[in-house]
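Worksheet for the structure shown next.
The values are calculated or read from the model by the stated rules, or taken from the named source; none is laboratory data. Being a predicted model, the structure only gives us computed values, none of them experimental. Methodologically, a virtual Cβ is constructed for each residue, glycine included, from the backbone with ideal geometry; neighbour enumeration extends over all protein chains shown.
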Amino acid sequence: MTPVILLAAEKESAEVTDWAARVGWVVGLGLFVALVYWLMREGWKWRSTLQGDLPELPARPSPTTADGGGKPPLPGTPHGPGPAKLTMSGRYHGSTTAGQWLDRIVAHGLGTRSRVELTLTDAGLDVVRPGANDFFVPVAALREARLDKGIAGKVLTEGGLLVVTWEHGDKMIDSGFRSDHAAEHNEWVETLNDMIDKTETEGAR
């Protein structure tokens with residue numbers, strides 16, 4: 001066999017070997033990604049099970065009273081949400097146990113990041129999330145509002161996140177929101193904390 005034929009055979013063999021290794025690498029990577037995804041999903045389900053004692057999320061109060069045929073308003077709220085004090089369009093980045101920015105809460109869809117429309121009224125904070133569970137935080141359940149930079153593993157710029165602390169059942173929750181116009185955050189913090197102070201003062205009388 002001539003040297004030219006030998007070289008051609010060796011080249012063809014090398015190409016076949018490289019192709020097989022490449023296929024094996026792709027398959028191995030696919031299996032690894034599938035395993036990571038499965039572990040994440042199982043971890044999510046396990047965390048949701050652990051948080052099974054968290055009550056159902058409050059719904060927006062009905063604009064009618066019970067004798068008018070609608071649902072009765074939530075305790076501590078007026079008959080209906082009332083006019084908007086502030087509105088915000090942006091993103092919901094998740095909820096955690098208050099003060100523990102990595103202890104994500106996933107029960108009742110609170111772990112799902114989504115677009116969000118916030119409306120603040122005298123009754124409380126209305127959280128509307130397209131494609132995810134909406135919820136309502138009665139004014140009596142609001143505890144604090146502040147600016148922060150991270151929640152539920154998501155890190156933004158300093159002060160780039162509006163964090164609202166609220167009480168649900170026997171649990172204190174931090175929920176993180178980012179407006180499409182970050183300059184709105186300061187007004188939200190000021191207005192929310194004024195409402196909270198007013199509610200606590202009235203409750204102490």
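Mind checking which strands (runs of 3 or more DSSP E) fall wholly inside the stretch 136-205 and carry at least 3 residues that are under 24 Å from Leu57 (Cα atoms), in contact with a Gly (Cβ under 7 Å, 6 or more places away or on another chain) and in contact (Cβ under 8 Å) with a residue 60 or more places away in the chain?
Correct list: 171-179.
If you check Gly131 against the conditions, is it more than 22 Å from Ala84 (Cα to Cα), in contact with a Ser or Thr (Cβ under 9 Å, 6 or more places away or on another chain), small (Gly, Ala, Ser) and in a loop (DSSP other than H, G, I, E, B)?
Yes; evaluated as a whole, the condition is true for this residue.
Going residue by residue through the stretch 109-122, is there one that turns out to be assigned to a strand (DSSP E or B), within 13 Å of the chain's Cα centre (by Cα), buried (at least 18 other Cβ atoms within 10 Å of the Cβ) and among the charged types (D, E, K, R)?
Looking through the stretch 109-122, none of the residues is assigned to a strand (DSSP E or B), within 13 Å of the chain's Cα centre (by Cα), buried (at least 18 other Cβ atoms within 10 Å of the Cβ) and among the charged types (D, E, K, R).
For Gly160, all conditions in the list (1) loosely packed, with under 15 Cβ neighbours inside 10 Å; (2) under 20 Å from Ser89 (Cβ atoms) hold save one; what is the number of the exception?
That leaves (1) as the condition not met.
Considering (1) out of contact with any Lys or Arg (no Cβ under 6 Å at 6 or more places or on another chain); (2) over 17 Å from Thr96 (Cβ atoms), say which one Leu142 fails and leave the rest.
(2)
Criterion first (within 21 Å of Ala123 (Cα to Cα), more than 15 Å from the chain's Cα centre (by Cα), surrounded by 14 or more Cβ atoms within 10 Å (Cβ to Cβ) and at pLDDT below 95) does Lys171 satisfy it?
yes
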